[in-house]
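Notes follow the structure.
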Amino acid sequence: MKRSVRLAISVVTGIAAAVVALAYASSVRQEAQAAQQEALARYGGELVAVCVASRDIEPGDMIDEGNVVVEEWVTSLLPPEAMTSLGDVAGRVATSHIPERAVLSPVYFETQSGSLEIPADKVAVCVASDPQHAVGGSLARGDTVDVYVSDAEIADRLLSARVLDTSALAQGGGDLSWVTLAVDPERVSEVLAAMSAGQITLVAPGRDGGISDDVADEDDSAAADAGDTERASGGDTVGEASSGQPDEDTHREESRDGGSAGSSEDEGASVEEKRGDA
């Protein structure tokens with residue numbers, strides 16, 4: 001084969017390769033432009049206002065203006081179904097960790113499937129409740145609450161329990177309608193009976209103010225023992241006072257007798273002196 005023919009074949013091959021490369025690049029560019037046009041059509045411009053986390057948001061935190069701000073982002077950098085309105089996301093509860101500066105999307109509010117994490121020595125019991133009887137509905141998983149039952153004008157503390165789940169957390173928002181608690185197995189019957197007898201109210205103690213059932217029982221026993229000791233001491237004091245009363249009476253009688261006898265002797269001596277003078 002002549003050299004000129006080989007050179008012509010090489011030129012044609014090079015041109016064909018360049019055409020294929022240009023066609024591939026054009027195809028990729030067209031796909032990118034199509035995706036960009038779709039994003040622009042969805043959000044209405046190259047820059048769009050979206051909800052961005054202003055700080056780290058933990059699971060169970062409620063979304064509000066304190067942890068989310070609205071900022072403009074480039075559409076090509078937005079995650080799928082980015083949330084654009086603070087009004088649509090306010091009040092929802094995060095079900096997963098949202099990093100600071102992350103754009104909010106429905107994935108952060110998906111309900112996590114799976115069973116409850118129940119401590120080995122506890123059982124789970126669900127009680128009906130509402131925000132008015134559950135600290136305004138601001139309960140989070142792991143919180144410790146005191147369970148009270150009220151009937152008419154009387155409210156009694158039943159026990160202390162740990163929050164495992166709530167309707168608001170499980171559904172990613174909304175009004176509270178039930179709370180699942182971890183309680184001792186032997187106390188379940190008391191909780192169920194209390195639900196039938198009256199209104200269940202959940203009270204959140206201070207950070208160091210929670211009182212366990214064992215401590216409460218010990219405090220009641222100590223108070224009872226102190227009451228018995230005080231009553232016993234009071235009885236001994238009354239007994240001593242009663243036993244000392246006859247002694248005081250006898251002493252007063254002796255004093256009166258001694259005083260009378262002394263007066264009689266003085267009067268007799270005075271009469272004798274008058275007779276001697278006469």
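Only the coordinates and a few stated rules stand behind these numbers; no lab work does. What you are looking at is a predicted structure, and each value in this text was computed from that prediction instead of being measured. Counting neighbours? That spans all protein chains shown, and the Cβs are built from the backbone with ideal geometry, glycine included.
Observations, loosely collected:
- Length-normalised contact order for region 118-212 - Cα pairs under 8 Å, 6+ apart - percent: 39 percent
- Across region 68-153, the fraction of Cα-Cα pairs farther apart than 20 Å, rounded to a whole number, is 56%.
- Note on SER85 and GLU46: the extension gain reaches 12.3 nm, defined as 0.36 nm multiplied by sequence separation minus the Cα-Cα distance.
- Cα-derived Rg to Rh of region 111-186, Kirkwood definition: 0.97
- Global size of region 47-109: 10.4, 31 Å for Rg and Dmax (C-alpha atoms, Rg to one decimal, Dmax whole).
- Relative to the compact-globule estimate of 2.2 N^0.38 Å, the Cα radius of gyration of region 1-107 comes out at 1.88.
- Inter-site label distance for ILE9 and ALA21 at 7 Å from Cα along Cβ, in nm: 2.2 nm
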